Amino acid sequence: MQAFWKRFAAAWGFEWPGIWKLEFQHRGAPHVHLWGPQPAGAAGDFKREAKVRRRFGVGDGLPYAQWLSVVWADVVGHPDAEERRKHERAGTAVDLHAGARMVDPKRMAVYFSKHG
């Protein structure tokens with residue numbers, strides 16, 4: 001998760017301001033639930049706007065949902081190339097509609113308490 005937080009800040013120009021919860025799937029693999037605002041624009045745009053010297057990062061130039069899939073697959077770093085491609089293609093199930101309903105703290109608490 002530390003690697004993800006660092007990449008988020010490098011890509012979007014601010015620290016990730018959300019909550020998360022770790023659970024384990026039936027097969028024992030870790031699974032993470034995240035909630036936070038969707039950054040606008042494309043990863044790395046703030047560097048161009050601020051005229052900051054930029055170093056190209058994985059996912060730069062992509063909108064948030066695509067950036068998240070590419071970066072998460074890179075962070076997980078599955079050693080088998082085909083499994084890694086499957087992981088990236090599967091994406092991260094970003095659900096903007098469900099996220100918009102999470103403005104109610106009670107609803108958010110129920111969601112995060114049922115996963116885990």
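The label-point distance for residue 40 and residue 85, in a model that sets each label 7 Å from Cα toward Cβ, rounds to 3.7 nm. The lysines within cross-link reach of residue 86, meaning a Cα-to-Cα straight distance under 30 Å and a gap of 8 or more places when in the same chain, are 6, 21, 114.
Read the figures in this text as sums done on the coordinates, not as results from a lab. The shown structure was predicted, so the numbers you read here are calculated from the model rather than taken from an experiment. Heads up, the Cβs are rebuilt from the backbone with ideal geometry, glycines too, and the neighbour counts pull from every protein chain shown.
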